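Step one of this worksheet: look at the structure below.
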Amino acid sequence: MFKKRDKSSKFYEFWYLFLLIVGICIGSGIYAKNKELLEQTKSPWIATVLWLVIGLVCVISIVVFMEIAKSTEKEGNGTVSNWCKLFINRKFASFVSVLYTTIYMPAYQSIFVSLTIAYFLMATGLTPNPGALLSIYLIFGVGLYVLFAVINIFTPNLSRKMQFWTMFIKFIPLILAFFAGFILFAINQGGNGMNIPMKEGQTEPTKLVFMNFLGGIGAILFSFDGYIFTANTQKSAKNKKVVPVAIILGLLFITLFYVLMAFSLFLGGDGTVQTVLVKVFSGFKNTDNKQAEKAAEIIVFTIMFLIFFFNINMFTHFGISNLLSDHNMKLIYLKKGKAIFKTSAFTQLAISCSFYVVLILLGALTNWNSGSITGPITYIENMSSACVVLIFAVIAFLIISAMINRKTQKVKVEKVKFFWPAAIISSVLLLFFTTCGLIVLLAPQLVNPEKNDWTTNGGMMFTIIFIVTLLVTIVIWLLQERMFKINPFENGFEGEIDKDMKVNNWMAAKEAQELRELNNETKTKIKST
C-alpha cells in the first residue's frame with residue numbers, strides 16, 4: 001500500500017504509470033504499420049516527421065482527456081463510449097459502442113489473426129496454391145478466434161499471465177532492431193537510408209505530391225491508439241498529482257521512441273522490423289550465404305509469429321471487456337442471463353469471425369493469382385487503418401464536446417490547466433488528419449499517381465467494403481434502438497445495470513486468485529497454531 005505524502009510512493013507510482021503508458025502504446029503498430037507508412041508517404045523523411053507531429057498532437061490532446069476522465073473518477077467506466085454518453089448524448093454513445101463492437105475490435109483482431117497465419121507460413125516456408133491458402137486463412141483463422149475466446153472465458157488467469165509475458169517478448173526485438181538499424185547504417189550494410197525509395201528499373205525518385213505528406217496517417221494513428229485511456233489511471237491513483245506528469249512524459253517518450261525507431265528502421269533496411277532483424281541474425285552483413293539468410297528469416301518470422309499470436313489474446317480480452325462494459329453502462333443491448341461474460345464473449349466472437357471471413361474471402365478473390373502470401377489480408381490491413389481513423393474522428397468530436405461543456409456545465413468536472421489551447425489545437429488537427437487519412441484510403445491514386453485507375457487500384461473495392469460495413473453498423477444500431485424500446489432498462493438509461501458486475505475477466509481472476517492465496521495463508525497459520 002502507498003502511504004500518504006510519502007515521496008517514495010509518489011516516485012514508485014510515477015514509474016508504474018509511466019511504464020504502463022509505454023506498455024499500452026508501444027508494440028504492434030511499429031511492427032505492422034511502418035512499411036505501410038513508407039509505401040503511403042514515399043519518403044522516410046516525411047514518415048519520420050509524421051511520427052513526430054502526430055505524437056505531439058496526442059500529447060497535447062491528453063490534457064483535454066485529463067479533464068474528460070474526471071467525469072468518471074468516482075463512478076462509471078472510463079471508455080470513449082461512456083464519455084460520449086456523458087458529454088454528447090446516449091444515442092450517439094450507443095452508436096459509438098456499436099462501432100467499436102462491429103468494426104473497431106473485429107478489425108484489430110483480424111489484423112493480428114491474419115498476420116499470425118502469414119508469419120507462420122513465412123517461417124515454415126510454405127507456399128500454398130491460392131485455394132489452399134484461402135482454406136488455411138479461413139480454417140486456422142476461425143480456429144484462433146475460438147481458441148482465445150475459450151481461453152478468456154474459462155482460463156482468464158492463463159490469459160492474463162500470457163499477456164504479462166507478451167509485454168517483454170514484444171520489446172526484445174524492438175530494442176534489438178532499434179540499435180541494429182543505426183549499426184547497419186554505420187557499417188554501410190543498411191537499406192536505402194533516408195532517401196526516397198525507388199523501384200527496380202526506376203532511374204529517378206518518385207515525385208512527391210501533397211497527399212504523400214498525409215498518406216500514412218492511418219498507420220501512425222494505429223500505433224498511438226489507446227493512449228487516451230491512460231487518462232483514466234487518475235481514477236485509481238493514490239497520488240493524483242503524479243498522473244498528468246507521468247502521462248505527458250510517457251507520451252513524449254513514446255513519440256521520441258517512435259521517431260527514433262522509424263529513423264533506425266529506415267536507415268537499416270526498408271522500414272520494417274523483420275528486415276533489420278534478418279540482417280542482424282545474418283551477421284550484420286549482406287551475405288551471399290543463402291542458408292544463413294534462410295535461417296535468419298526463420299528466426300525472425302517465428303518471433304513475429306509469436307508477437308502477433310499473443311496479441312490476439314489481448315484484443316480478444318479487450319473486445320469482450322469493452323462490450324460488457326458498454327452493456328453495463330446501458331449502451332449495448334445483450335440478452336439477460338447469469339453467464340453475461342460468456343454472452344459478451346460469444347457475441348464478440350460471432351461478429352469478429354464474420355468480419356474476418358468476409359474480408360479474407362474478398363481479399364483472396366481479388367488477389368487470386370498474385371502469388372503473395374499476404375494477398376488475402378489486403379482489405380483487413382486497410383480496414384484496420386480506416387477503423388482507427390473513424391475512432392480518432394470520434395475522439396475529435398469528444399474534445400469539441402468537452403469545449404462546449406466548459407460553457408454549458410452539463411457535466412461537472414474539475415477544470416484542468418491549458419485546456420483551451422490544447423482542445424482547440426488537438427481537435428482541429430485531429431479532424432484534419434482523420435479526413436485526409438480516410439480520403440487516402442478510399443482514393444489511393446492520390447498518393448500513387450501511377451495507379452490512377454480507381455476501379456483497378458483497389459480504391460473502388462475498398463470504398464464499397466467501407467460503405468457497406470458502415471451501413472451494416474447503422475442497421476445494427478437502429479435494431480438495437482428498437483430492442484431498447486421493447487425491453488427498456490430499469491430506471492431508464494442513467495447509471496449502471498449492475499455496479500458489482502465484473503466486466504474485466506483478468507481483474508476478476510486476479511482478485512479470485514488473491515482471495516484463494518489469502519485463505520490458504522489463513523489455513524496454514526491456523527494449522528501451525
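Based on what the data block shows, is Leu115 in contact (Cβ under 8 Å) with a residue 24 or more places away in the chain, part of a helix (DSSP H, G or I) and surrounded by fewer than 21 Cβ atoms within 10 Å (Cβ to Cβ)? Criteria not met by Leu115.
So which of Glu481, Glu414 ends up being of a type in the set (Asp, Glu), touching a residue at least 12 places away in the same chain (Cβ under 8 Å), open to solvent by 30 Å² or more (accessible area, probe 1.4 Å) and closer than 30 Å to Ile332 by Cα?
Working: Glu481 fails: open to solvent by 30 Å² or more (accessible area, probe 1.4 Å).
From the options Glu481, Glu414, the qualifying one is Glu414.
Within the stretch 350-400, the residues that satisfy the criterion of being small (Gly, Ala, Ser) and open to solvent by 10 Å² or more (accessible area, probe 1.4 Å) are Ala350, Ser354, Ser370, Gly371, Ser372, Ala393.
Residue by residue, here is whether (1) touching a Leu at 6+ places or on another chain (Cβ under 9 Å); (2) hydroxyl-bearing (Ser, Thr, Tyr); (3) modelled with pLDDT under 70 holds:
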residue	(1), (2), (3)
Leu184	yes, no, no
Gln189	no, no, yes
Met194	yes, no, yes
Pro244	no, no, no
Asp270	yes, no, no
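Take the stretch 469-506 and flag every residue that is part of a helix (DSSP H, G or I) and closer than 27 Å to Ser159 by Cα.
Of all residues in the stretch 469-506, those part of a helix (DSSP H, G or I) come to 469-486, 505-506.
Answer for the stretch 469-506, where residues must be part of a helix (DSSP H, G or I) and closer than 27 Å to Ser159 by Cα: Asn505, Trp506.
Test Phe466 against the criterion of being closer than 30 Å to Gln40 by Cβ, open to solvent by less than 80 Å² (accessible area, probe 1.4 Å), part of a helix (DSSP H, G or I) and touching a residue at least 60 places away in the same chain (Cβ under 8 Å), and give yes or no. Judged against the criteria, Phe466 is a match. Under the condition of being part of a loop (DSSP other than H, G, I, E, B) and not charged (D, E, K, R), the residues counted in the stretch 332-360 number 5. Return a yes/no flag: does the stretch 450-458 have any residue that is modelled with pLDDT under 95 and out of contact with any helix residue (DSSP H, G or I) (no Cβ under 9 Å at 6 or more places or on another chain). There is at least one residue in the stretch 450-458 that is modelled with pLDDT under 95 and out of contact with any helix residue (DSSP H, G or I) (no Cβ under 9 Å at 6 or more places or on another chain).
Residue-wise test of (1) within 22 Å of the chain's Cα centre (by Cα); (2) assigned to a helix (DSSP H, G or I).
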| position | (1), (2) |
| --- | --- |
| Leu362 | no, yes |
| Ile380 | yes, yes |
| Ser384 | yes, yes |
| Phe392 | yes, yes |
| Ser401 | no, yes |
| Val413 | no, no |
| Ala422 | no, yes |
| Ile439 | yes, yes |
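The values are calculated or read from the model by the stated rules, or taken from the named source; none is laboratory data. Everything numeric here is computed off the predicted structure, so don't read it as measured data. Heads up, the Cβs are rebuilt from the backbone with ideal geometry, glycines too, and the neighbour counts pull from every protein chain shown. Quick note on the areas: whole protein, heavy atoms, side chains included, nothing else; ligands and nucleic acids left out. Shrake-Rupley method; radii C 1.70, N 1.55, O 1.52, S 1.80 Å.
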